[in-house]
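Structure, as structure tokens:
Throughout, read-outs are computed from the coordinates displayed, never taken from laboratory work. Nothing here was measured: the structure is a model prediction, and the numbers come from that model. In this analysis, Cβ positions are derived from the backbone assuming ideal geometry, glycine residues included, and neighbour counts consider all displayed protein chains.
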Amino acid sequence: MLLDTLNSDLVAAMKSKDKEKLAVLRMLKTALTNERIKLGHDLTSADEINVLSSQVKQRREAVTEFRQAGRDDLADQNEAEIKVIETYLPKQLSADEINALVDEVIKNVGATSKADFGKVMKTLMPQVKGKADGSLVKQVVQSKLN
């Protein structure tokens, strides 16, 4: 279970005095606990991946905002946090793998135009959840349907 892994990694980070990793692990543990309380039951693997994916998404958005505001120090900090969080997510799909999946889904749902975007995304997103950045998947689908 992810919470057990986080707890053991938390202890290791404390022993090695890795303050940055320790802070991220505490935040992840809190986010998972809050989600468990919100749902009212123990988290499934899919729930855990959703929480981690949400944390990564928040940080990616923050990086963009910080870069636009000229705050590279905060953007770098968020990028470091993303790297820690991604170690607990499933292996990320490569651009080629995403393209192949998009092509397969477009063929399977019979998509031919931008009007079919919703059908493609509805079928595709459960397959890539936690394995690929949603905005990247969206861009690939849009470019192939144009």
Subject >> Estimated FRET transfer efficiency (E61, S113; beta-carbon r; R0 35 Å; 0.05) >> reply: 0.75
Original post:
Based on the Cβ-Cβ distance from Q127 to M1, what FRET efficiency comes out when R0 is 25 Å, to the nearest 0.05?
Top reply: 0.60
Subject >> On Cα atoms only, tilt of 134-145 relative to the major axis of the chain in degrees >> reply: 10 degrees
Original post:
K38: which lysines have alpha carbons under 23 Å from its alpha carbon, excluding same-chain residues fewer than 8 sequence positions away?
Top reply: K29, K57, K129
